[in-house]
Amino acid sequence: MSSFLIFFLFVITTSLLITVHGYGSTGTIAAAFGSNGFFCAIDASGKQEVICWDRGNTNHSPGEISGYSPPAMSSLSGGEGFLCAITSNTSRAFCWNLQDPSQNLVPKAFQYNSYSSIASGNNHVCAISGLYYSGPDYGPVHCWEYTDTSGVLWNSSFHNPYIDTLMFRKIVSGDGFTCGVTKDGELVCWGPKSNGLGLSDKGEGFEVLASGRNSVCGVSKESGQLQCFGDETEFGEVPNRIRFISLSAGADHYCGIREDDHGVACWGRNVNSSSSAPNTSGFVAISSSDSTTCGVRELDLVLDCWRVHDSTKPDYSPPLELCSPGVCSPRGNCGDGWFAFNASILKESELTSLCSFHDLNICLRCGVDCLEGYFPSSGCNPNADRVCTPCSLCQNSSCYGVCKIPAEKSRKHEQREVRRLVIIIGCSVLGFLVMLNSVEADPDPVPQTGLLPSAVSLGETKIFRLSELKDATHGFKEFNELGRGSFGFVYKAVLSDGVQVAVLCKIRHNNIVNLLGYCSEMGERLLVYEYMPHGTLHDHLHGDLSQLDWSMRLKIMLQAARGLDYLHNEVDPPVIHRDVKTSNILLDGEMCARIADFGLVSSSERDSSKSDREGDVYDFGIVLLEMLSGRKANDRESDPPGVAEWAVPLIRKGKAAAIIDRNIGLPRNVEPLLKLAELAELAVRENPNERPSMRNLLSFLDLIVKTGLTF
């Protein structure tokens, strides 16, 4: 399952949770720094198992390296080349590295103690005594230090008699220091390099903490302002006007989750503004390595990673699995402004909790606003966060302001002005090709005469007069032009009634844009086709139309395959499309796929060869890759620009998960998507003889869709 970093911890007062992250903090996702760095995370299976991935993007659990089965973990903390954790069943400390993950690096004197929280530093570890799942949420601190010559030191430079007298609720560690929030809410730092932080006279409490190698940042409990101390080159100019609910620190940078919309902002030395976090989802937790920050998306609990200092590919590519959204705690009531994560949203019948002890809760902070392009369609409550909906689905005045929709262009206004339209396509070479259908009915229907009925029978073909079509398009004027396709111009029109009926075309299928009528006068030839009100697949994948979830994408691919199979195998003579692409797959009023712009063949073109059909299969394979990855068929801003050149090598290396589009919520079972990637790889093979036929491709796709997706 996927990974996660906690952004809250335990209580600083009876109603306040403290959040800590980054180098030396603890959560359900953490990163080990340095040349031997790696990420680990706690999955969302309910077993609290750990998965890890390194710079080579090799995904594995610690047990897969040596055959050792590591214990389940409740929280993680990253140091320099190693990670530490609190075990979920026994609440004990466990530290390891990827060179020998079976060896517990915790000193034997501390291996059987119980700890509620742990913080790894550059070469030392501190942990708070207690049980994470019960008892008081504070305790004394134990520290140990790793050295190159002596191994592990108990009586190290972090052993401080004054610190031994204090009770801590939470701690973070850096290079040569540890900072903690005491039972009384004060921030205290100690260690050989703690004086460099300049915190000796800082006694105020902090809600949120994160430590870099030589600095620490926190959100003040009293003012809510972000404050940073220590090496200024690590945090640079601090964004004081933003309230954060979570912080994470890497090398020369910090990142934080904003309180209002759960988006991520980063700052520090040489932070590249163009390498911002993904903006299609808010985040519930973040963690940082040296130059890469990863976050768990609130949309689907999937991990996203990005580089902070530049816009190149991240050093780490996380596994395509679900992550635990936070640390389990014994809080019965999460409190105002918080909600308890409900495992039922994962729709696993046997999964009732993500915690080993089912009486524990995962408390997360409520969101108020949404990212740009989204509006809150429902508010936060004790059992669920607010829901963010794309502005393309805004349908009433409650979201016009958030979505910046002018009143005169509101959907209600548009619907009142909409009349039944037709689309007309003209071409000076082939004559004119016309597409027709009625658009949405008025919300306030008024009896009208002289207009086509809202539903046109597909069983008959109508004959239109040229003058009628000219009147309907105002003489085919530019202001009625909707667009241009390979057949020519696309116009809108309002038609009058009283046309003749004639049967013209045998090509008729639920997944084909069907012919409704024709006109042949004065040397002009016009064909009238259905209008598709939901636009093209291209506009939904790459344009401004609403995003398609995975269930809808699979349905569209299956329907498009059925349409192509019909043209190849059921039409006599067969019709070869020769231009299969996402812009030629249209969506009707029921969001069903329709193949459009297929070739009008003359008698001399009717004999289609096998290679022509294989060309359609290849093009459909490109469509499959676009649908899976969200990338355009050709994108000049990507390297390589072609989606096949980029995706096929990854699929053949067994890394199909790396091409899956993470801008939409992923299903819990990704196997059908991985099988679809393998099918796409077959369809785009260079040797046409190695490609499946459209009929076989349809059969394979049908089996994949029948497997179903679990959300």
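Read-outs: derived from the displayed coordinates by stated rules, not from any lab. Since the structure is predicted, the reported quantities are computational estimates derived from the model, not experimental observations. Every residue, glycine among them, receives a Cβ derived from its backbone with ideal geometry; neighbour counts consider all protein chains shown.
Details
- Compactness of segment 226-341, taken as the C-alpha radius of gyration over 2.2 N^0.38 Å, stands at 1.09.
- Between segment 246-265 and segment 687-709, the C-alpha centres lie 43 angstrom from each other.
- Among 92-101, 124-133, sorting by the average number of other beta carbon atoms lying within 10 angstrom of each residue, highest first, gives 124-133, 92-101.
- FRET efficiency for the pair T707 and N195, taken as 1/(1 + (r/R0)^6) with r the Cβ-Cβ distance and R0 = 60 Å, rounds to 0.50.
- Taking 0.36 nm per residue of separation and subtracting the current Cα-Cα distance, fully stretching the chain between Q111 and E686 would add 201.2 nm.
- R0 of 22 Å, Cβ-Cβ distance N270-E372: FRET efficiency to nearest 0.05: 0.30
- Label-point separation, Q225 to D549 (7 Å along Cα→Cβ), nm: 4.4 nm
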